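The values are calculated or read from the model by the stated rules, or taken from the named source; none is laboratory data. This one's a predicted model, so the numbers in the text were calculated from it and none came from an experiment. Quick reminder, even Gly has a Cβ in these numbers, built from the backbone with ideal geometry, and neighbours come from all protein chains shown.
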Amino acid sequence: MKARSRIKNQEAEYRQFLARGLIAGLFATLALLAVVGRLIYLQIVNGSHFVTLSENNRLRLDPVTPTRGLIYDRNGVVLARNVPSYALEVTPEQVPDMKKTLAALGKIINLRPSDLRRFHDLLASGRSFQSVVLRSDLSDEEVARFAVNRQRFPGVDIRARLQRQYPLGAIASHVIGYVGAISQADLAAIDPSQYSGTSQIGKIGVERAYESLLHGSVGERQVEVNAQGRIVRVVGEHSPVPGSDLYLSIDARLQRVAYEALGTHAGAVVALDPHTGEVLAMVSKPGYDPNLFVGGIDQASYERLQTDPKQPLFNRVLRGQYPPGSTIKPFMGLAALYYGVATPSTHVFCPGEFKLPNDPHIYHGWKRWGHGSVDLRDAITESCDVYFYSIAVKLGIDHIHDFLSRFGLGKPTGIDMMGELDGLVPSPQWKKRTTGHVWFPGETVIVGIGQGYLLVTPLQLAMADGVLAAHGERFRPRVLHAIRNPLTGVTLDADPQPLPPVVLHNPSNWTLMAHDMENVVNSIHGTAHIIKRGAKYTIAGKTGTAQVYSSDPEEGSDESKIPEALRNHALFIGFAPVDHPRIAVAVVVEHGGHGGSTAAPIARAVMDAYLAPDQPAPGIAKANH
Amino acid sequence: MNTLDLNRYDTGDLTLGQWLARALKIDLPLFAGLVILSATGLAILYSASGPSIDVVMRQAVRIGLAFIVLLVAAQIRPQFFRLWAPWLYGAGLLLLIVVLHAGDIGKGAERWLDLGFIRFEPSEIMKLALPMMVARYLHAKPLPPRWWELVVAFALIFLPAALIAHQPDLGTALLVLSAGCFAVFLAGMRWRTILIVLLLAAIAAPILWFFFLHGYQRERVLTFLDPERDPLGAGYHIIQSKIAIGSGGLFGKGWLNGTQAQLDFLPERSTDFIFAVVGEEFGLLGALGLLIIYGFIIARGLYIAIKAQDTFSRLLAGGITLTFFVYVFVNTGMVSGLLPVVGVPLPLVSYGGTSMVTLMGGFGILMSIHAHRKLMPS
């Protein structure tokens, strides 16, 4: 130890302590001032930012689902409605262990693998604080079972929601379509914010085509929540706008009559108003029960529908492409007059077959022994093939292509539904483009009777039929009749959408052709004479038979001996009353045999339902032949 | 004894209150500060607890007990503390070792000792025993202390601090450590030596980080540096706390109206994070008011230390006061995101008992020091 003074110097020690005490005090002051500075930074400088964050914590916007618009027929018959149903919903954020929860839920509520699959798909796509439907359409018993066990499942809830129901079932399935769970593909096409809280979306048919109108727009409810996400109180609400109610141009009665008249056959019936383009009936048979799809269809039912050889899921009206057969003949006849290759009095001798010069191939008529000398009216009435073979050759394929195209054949009609196919009106250019081969004269010959490459959809056929009825006026076919705002009750009619008309040099040819077609029904030689009986109005029509398998298109052979799958398709187009047509009908009966005996009575039943509704339909649907 | 007890010879006109204060050895300004702080604390706690009158009642009972401890401590002469400091320190050290082996597990740390009738944390004893021991050791030495005396003093400090940190209770270890260090600082440790010690600490820090800190303690420091790295876990506290304070603005959302606090977004809102409730509900002005009360108490404590008449009293009073300051600073700094999250309560406001009793005991010692001054011969 150094000899330095180590005695305590009280005075010096006190001064030293005083200095140190003051320094400590200064330090403490500075430190607390730093805290104050920090508070100013948080509360004053960034105050509004933190106010926003705290509001984001406390306030949540919950979507309020709009009610989906109802669908009615033109007379106010309900085609699609909303009925209350109970759904099991899961809010993923609030579920502590999803695997365990699902396993435990499965013990009290029947969860199909398809439910779980769909749930996991939705889970992957959604946000975790939004509830996801696990199963819809719970039975009362399941609701009760869950209610008893509720406290075991945080984040799982039963919610009463409105479920879509289709009272007409299969009859109108292809028109109305159905709603189903929103898929990944659907999500890409919509504004997801509009569908928060909504689990279903229009998948097909009118439900899909008019999705945006039917859906409405989502509302929101501002709620105050605590840290556990539980709602403490409702702060504000912005009501949703319910979807619009749609009145379709469809007449449910006609729809039913057409569906039933098809009997056990597969086929399509389209009826429309030729002066507006409004579709009165649109049947594709067989249909399916759209109600199956609403809650999510189970695998077995779906497979049954998909493997059914009659293809119930196939919309024949929009997507079925058939050779028009002899129903093309009125258009060919008009083309002949238009291009001057024939007059109404031009006679052609029909020996029952037709040959091109320098071509050994024989084109048979359906009547082996021929019709003898026929003019246009006879040829339409009796559906003489040879007359139209010769006309087609004289017209040439380019004229035929141009003329048929003016009626809207060969391209989509533009109906207000999705998925329509083109049909086909062939031309040499088309053939060169698609097959690389040149057009052969013989191919023109059979186009004359609606065979060969020519393909039409039932809707196109009905539309072209309507053009005949309306003397060239054309309208875009549509199923929407009016839109009703459910809040105001205001109804807006959908306007007809005229298309460029078909103009003839001589407009009287329309009347001429209409009367030729009337003869098909009225004349005892007419191929559709059987539908004349008991009709309270005049009918113009044309039968057709489309070849399914390569054999001569003979309407005279005994079709009943041929297996059904090999029989020809039966077709009919017609309108009524002849002078002031109010309805145009096109019928395609797959493997129906004869147009006259199978397809024409169906059209008559539909016309009766529309024009003479009080008249009990005479027993013509099962007409003998 | 050539010095005289100040009180006995001070005559004159006294009000009843002044007479009572003298009789009970109470320092009125400090006492008033503590009463105002406790009352304010109860009002804040009422809002922060739910609101729950139950919690407030329980806390009020604790405060009452703590004030009794204060009064008892105020009656004990400082010489007594000086004489008994080694025993208290030794006993505290022993209990710390015992608790490491036999302590109950509470919140993942072995810090509680259950004596059957009472559960307490031995580390609380150290908050007072350590500055007492250091003050006593330096009391007899001419100041400023020489280097080997400093080594001894720091050994006295680090031994209990290390034991507490090992429990692990980082917050209390920090408080105990600072109590000792402040005593040494006040004793006049040379600036050059302070610099060297700080340098050594800077070198020791990474070693501490890699070999002594627990995972969750490291996590806290990392989360302090960047709360967003774990917004739902460790960072959640501090993020929500900053939102609560920031959204309070200048005037606050009003008592019982803090959405962060009342809707449960703010965790530990009635204990360690209660200062965020103050910031949210009373705004900058309210928080400032609370800090002013704390500042007043600290200032009064330092004043008492400066007025104290011997080295032991000065160092002890200064150490206790500055420990109280560390409480306030570490808690408000942590809650406002200025410092890492360390488990230190806001003194006399946070819900909880043990630390309050220790704190009031400390203030009782301050009052004793102030009341037992002697008249110096001029």
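Condition check: more than 7 Å from chain A (Cβ to nearest Cβ) and either closer than 30 Å to B:Lys374 by Cβ or surrounded by fewer than 24 Cβ atoms within 10 Å (Cβ to Cβ) (or both). Does B:Ser313 satisfy that? Judged against the criteria, B:Ser313 is a match.
Yes or no, residue by residue, for (1) on the phi > 0 side of the Ramachandran plot; (2) crowded, with 22+ Cβ neighbours inside 10 Å; (3) touching a residue at least 40 places away in the same chain (Cβ under 8 Å); (4) among the β-branched types (Val, Ile, Thr):
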residue: B:Pro160; (1), (2), (3), (4): no, yes, yes, no
residue: B:His166; (1), (2), (3), (4): no, no, yes, no
residue: B:Asp169; (1), (2), (3), (4): no, yes, yes, no
residue: B:Leu186; (1), (2), (3), (4): no, yes, yes, no
residue: B:Thr193; (1), (2), (3), (4): no, no, yes, yes
residue: B:Ala204; (1), (2), (3), (4): no, no, no, no
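Each residue in the range A:345-366 was checked for being touching a Leu at 6+ places or on another chain (Cβ under 9 Å), farther than 12 Å from A:Ile391 by Cα and surrounded by 13 or more Cβ atoms within 10 Å (Cβ to Cβ), and 1 of them qualify. In the set A:Ser196, A:Ser249, A:Ser217, A:Ser244, only one residue is exposed (fewer than 15 other Cβ atoms within 10 Å of the Cβ) and of a type in the set (Ser, Thr, Tyr); that residue is A:Ser217. Filtering the range A:511-544 to residues that are of a type outside the set (Ser, Thr, Tyr), assigned to a helix (DSSP H, G or I) and over 33 Å from the mean Cα position of the chain (by Cα) leaves A:Leu512, A:Met513, A:His515, A:Asp516, A:Glu518, A:Asn519, A:Val520, A:Val521, A:Asn522, A:His529, A:Ile530.
Residue-wise test of (1) closer than 19 Å to A:Gly340 by Cβ; (2) modelled with pLDDT of 95 or more; (3) not polar (S, T, N, Q).
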position: A:Trp369; (1), (2), (3): no, no, yes
position: A:Cys384; (1), (2), (3): no, no, yes
position: A:Phe403; (1), (2), (3): yes, yes, yes
position: A:Asp416; (1), (2), (3): no, no, yes
position: A:Thr444; (1), (2), (3): yes, no, no
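Screening A:Gln43 against (1) in a helix (DSSP H, G or I); (2) out of contact with any Phe, Trp or Tyr (no Cβ under 9 Å at 6 or more places or on another chain); (3) at pLDDT 90 or above leaves a single unmet condition, (2).
Has the range A:263-278 got at least one residue that is among the hydroxyl-bearing types (Ser, Thr, Tyr) and buried (at least 23 other Cβ atoms within 10 Å of the Cβ)? Looking through the range A:263-278, none of the residues is among the hydroxyl-bearing types (Ser, Thr, Tyr) and buried (at least 23 other Cβ atoms within 10 Å of the Cβ). Scanning the range A:89-126 for residues that are farther than 14 Å from A:Gly155 by Cβ and loosely packed, with under 13 Cβ neighbours inside 10 Å turns up A:Ala103, A:Lys107, A:Asn110, A:Pro113, A:Arg117, A:Ala124. Annotation: of all residues in the range A:577-587 being within 12 Å of A:Thr538 (Cα to Cα) and in contact (Cβ under 8 Å) with a residue 40 or more places away in the chain, the one that is nearest to the chain's Cα centre (by Cα) is A:Ile583.
Looking at the range A:298-312, can you tell me whether even one residue there is at pLDDT below 90 and among the hydroxyl-bearing types (Ser, Thr, Tyr)? Checking the range A:298-312: at least one residue is at pLDDT below 90 and among the hydroxyl-bearing types (Ser, Thr, Tyr). Got at least one residue in the range B:55-75 being at pLDDT below 95, out of contact with any strand residue (DSSP E or B) (no Cβ under 7 Å at 6 or more places or on another chain) and outside any helix (DSSP H, G or I)? Looking for residues that are at pLDDT below 95, out of contact with any strand residue (DSSP E or B) (no Cβ under 7 Å at 6 or more places or on another chain) and outside any helix (DSSP H, G or I), one finds none in the range B:55-75, hence no. Taking the conditions (1) of a type in the set (A, V, I, L, M); (2) touching a strand residue (DSSP E or B) at 6+ places or on another chain (Cβ under 8 Å); (3) touching a residue at least 40 places away in the same chain (Cβ under 8 Å) in turn, A:Ile530 satisfies each one other than (2).
Does any residue of the range A:61-80 turn out to be surrounded by fewer than 13 Cβ atoms within 10 Å (Cβ to Cβ), within 30 Å of A:Ala609 (Cβ to Cβ), more than 14 Å from chain B (Cβ to nearest Cβ) and not polar (S, T, N, Q)? Among the residues of the range A:61-80, at least one is surrounded by fewer than 13 Cβ atoms within 10 Å (Cβ to Cβ), within 30 Å of A:Ala609 (Cβ to Cβ), more than 14 Å from chain B (Cβ to nearest Cβ) and not polar (S, T, N, Q), which makes the answer yes. The number of residues in the range B:252-277 being facing chain A (nearest Cβ under 10 Å), within 17 Å of B:Lys242 (Cβ to Cβ), in contact with a helix residue (DSSP H, G or I) (Cβ under 9 Å, 6 or more places away or on another chain) and of a type outside the set (Gly, Ala, Ser) comes to 8.
Apart from one condition, A:Ser284 fits all of (1) among the hydroxyl-bearing types (Ser, Thr, Tyr); (2) within 19 Å of the chain's Cα centre (by Cα); (3) in a helix (DSSP H, G or I); the exception is (3). Entry remark, the range A:195-237: residues being outside any loop (DSSP other than H, G, I, E, B), in contact (Cβ under 8 Å) with a residue 24 or more places away in the chain and away from chain B (no Cβ under 14 Å) number 17 in total.
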